[in-house]
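J.: Please find one structure pasted underneath; my questions will follow.
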Amino acid sequence: MNRATKFTLSISGAITALILLSASSCDSEAERKAREQRANKSASVVLCGAANESLECKNLKERERRNSQPSAIGYVYLYNFDGSIKGYFTIKGKVSSTQSQMGPMDSLDTHSYGNTVLEAPGDDGSYGPNEQGIFFFTTEGVMVTYSGEYVLSDAPLKLSDNKLN
């Protein structure tokens with residue numbers, strides 16, 4: 001390689017480096033502006049736990065507090081598909097989804113050619129979704145699973161088969 005070619009390559013390398021540096025500084029400036037916009041937007045949102053939190057946050061906290069009491073008594077009213085009441089159960093604890101599980105629903109399989117997200121086994125070691133529905137435990141300790149519509153209350157309700165408006 002002659003001297004002129006080396007010089008030309010050096011100059012073109014320097015120009016390329018300058019272009020890349022100025023492009024990355026533009027990206028950094030754009031990223032900085034985007035961060036500022038997100039911060040300004042989030043500053044206008046009242047976060048749960050803040051002194052001036054919203055009523056929605058207070059409702060969610062109260063719901064969680066009530067759902068976290070394992071000895072709380074509740075009343076589950078089961079409905080038929082026609083809207084009439086099948087009956088009700090007095091329950092201890094909370095109503096849970098049959099789709100819930102204690103661990104993550106996906107696992108990451110890392111290998112030499114990348115990562116793959118795989119379905120994780122359920123709590124019982126099997127794969128695939130559970131039946132749709134809810135489950136709960138009665139005050140007598142009986143587990144009930146149900147797949148229809150229901151109403152949950154923390155006090156007895158006077159319900160009939162009339163439409164609830």
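J.: For a 29 Å ceiling on Cα separation, which of these pairs sit above it: K58/K86; K33/K61; K58/K158; K61/K158?
T.: Numbers: K58/K86 33 Å; K33/K61 34 Å; K58/K158 27 Å; K61/K158 27 Å.
K58/K86; K33/K61, as the Cα separations exceed 29 Å there.
J.: What does the highest-first list of 58-71, 75-88 look like by mean Cβ count within 10 Å? Walk me through the numbers before you get to the answer.
T.: Numbers: 58-71: 10.9, 75-88: 13.2.
Answer by packing, highest mean first, reads 75-88, 58-71.
J.: If you don't mind, another one. Karplus couplings for region 73-80 from phi (6.51 cos²θ - 1.76 cosθ + 1.60, θ = phi - 60°), rounded to Hz, Gly and Pro as x?
T.: Those phi angles translate into 9, x, 10, 10, 9, 9, 10, 7 Hz.
J.: Going by average Cβ density within 10 Å per residue, which order do the peptides 142-152, 109-119 take, highest to lowest? Each step should come with its number before you reach the end.
T.: Values: 142-152: 12.9, 109-119: 8.2.
For the peptides 142-152, 109-119, the packing ranking is 142-152, 109-119.
J.: What FRET efficiency comes out for the pair S84/R38, r = Cβ-Cβ distance, R0 = 45 Å, nearest 0.05? Numbers along the way, then the final one.
T.: Values: r = 51 Å, r/R0 = 1.12.
E(calc), rounded to 0.05, equals 0.35.
J.: Hey, if you put +1 on the Cβ of every Lys and Arg and -1 on every Asp and Glu Cβ in region 72-153, which of Q101, Y113, Y88 ends up farthest toward the positive end of that dipole?
T.: Y88
J.: With the Cα gyration tensor of region 72-153 giving a ≥ b ≥ c as the square roots of its eigenvalues, does the rule (a/c under 1.5 for rounded; else a/b larger than b/c for prolate; else oblate) give rounded, prolate or oblate? Mind dumping the intermediate values first?
T.: Details: a/c = 3.91, a/b = 2.50, b/c = 1.56.
Prolate is the answer for region 72-153, as a/c is 1.5 or above and a/b outweighs b/c.
Throughout, read-outs are computed from the coordinates displayed, never taken from laboratory work. Note that this is a predicted model, so its numbers are computed, not measured. Here the Cβ is made from the backbone with ideal geometry for all residues, glycine too, and neighbour counts use every protein chain on show.
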